[in-house]
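Novice: Have a look at this one.
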Amino acid sequence: MHVEIVQKPALRVASIRHIGPYMQIGEAFEKLGGIAASAGLLDERPAMVAIYYDDPESTPIDQLRSDAGVVVHENAALPEPLTEQRLPAGSYACTLHVGSYELLGDVWHRLLGEWIPAHSKRVAGVSYERYLNMPGEVPKEELRTEICVPIA
């Protein structure tokens, strides 16, 4: 697994909350897509992100919190029911996954369970995925997802 420590900028995100299994966040992305498109938030092809708040090893699966989001400009108006989330600038351990979303769980497990402890780092906030391309644009084997974990 190739991991880089990267200084990431702060991001303002318009989001929809998802409660439940992380692999079901696609439902929230469907809602987000319709609302964000109607509001013109997708006109410039902004970054789409998924923000993860809870550790699935210690949080019951039906209580896992995540947000489906789109990165927006500081002055962008957020229509209901979108809410604003802020991802802080800082040091992130990042890795790139190429392939199906179904395989992301394994990448997360190796990053959090192996790489971070082996490099004497600790998770220092909420983690996120940034989607570099989207289903429908490329075959699922070519999907590119950046996984970013804030570290200290």
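Novice: Can you tell me which residue in segment 112-128 is surrounded by the fewest Cβ atoms within 10 Å (Cβ to Cβ), limited to those that are in contact (Cβ under 8 Å) with a residue 60 or more places away in the chain and in contact with a strand residue (DSSP E or B) (Cβ under 6 Å, 6 or more places away or on another chain)?
Specialist: Step by step, filter segment 112-128, then rank; the result is V126.
Novice: May I pose another question? In segment 79-95, which residues are among the aliphatic types (A, V, I, L, M) and more than 13 Å from the chain's Cα centre (by Cα)?
Specialist: Across segment 79-95, the qualifying residues are L82, A89, A93.
Novice: Criterion first (within 15 Å of Y131 (Cβ to Cβ), of a type in the set (V, I, T), in contact with an Asp or Glu (Cβ under 6 Å, 6 or more places away or on another chain) and in contact (Cβ under 8 Å) with a residue 40 or more places away in the chain) does I25 satisfy it?
Specialist: So I25 fails the test.
Novice: Tally the residues that are surrounded by 12 or more Cβ atoms within 10 Å (Cβ to Cβ) and part of a loop (DSSP other than H, G, I, E, B), restricting the search to segment 25-47.
Specialist: 6
Novice: State all residues of segment 1-24 that are small (G, A, S) and surrounded by 13 or more Cβ atoms within 10 Å (Cβ to Cβ); if no residue qualifies, say none.
Specialist: A14, S15, G20
Novice: Just to check your reading of the model, which residue among E141, E137 is out of contact with any Leu (no Cβ under 8 Å at 6 or more places or on another chain), at pLDDT below 95 and not small (G, A, S)?
Specialist: E137
Novice: Does E114 satisfy the criteria of being farther than 28 Å from P139 by Cβ, assigned to a loop (DSSP other than H, G, I, E, B) and of a type in the set (D, E)?
Specialist: Taking the combined requirement at face value, the residue does not satisfy it.
Novice: Okay, moving on. Got at least one residue in segment 98-106 being assigned to a strand (DSSP E or B) and either over 20 Å from G26 (Cα atoms) or out of contact with any strand residue (DSSP E or B) (no Cβ under 8 Å at 6 or more places or on another chain) (or both)?
Specialist: no
Novice: Does A50 qualify as being buried (at least 17 other Cβ atoms within 10 Å of the Cβ), in contact with a helix residue (DSSP H, G or I) (Cβ under 6 Å, 6 or more places away or on another chain) and among the aliphatic types (A, V, I, L, M)?
Specialist: no
Novice: While we're here: Residue check: is S91 without any contact (Cβ under 8 Å) to a residue 24 or more places away in the chain and not in a helix (DSSP H, G or I)?
Specialist: No: the conditions fail for S91.
Novice: While we're on this one: Using the structure shown, decide if T145 is among the polar types (S, T, N, Q), free of Cβ contacts under 8 Å to residues at least 60 places away in the same chain, farther than 15 Å from D55 by Cβ and assigned to a strand (DSSP E or B).
Specialist: yes
The values are calculated or read from the model by the stated rules, or taken from the named source; none is laboratory data. A quick note: this is a predicted structure, and the numbers were derived from the prediction, not measured. Backbone-built Cβ (ideal geometry, glycine too); neighbour counts: all protein chains shown.
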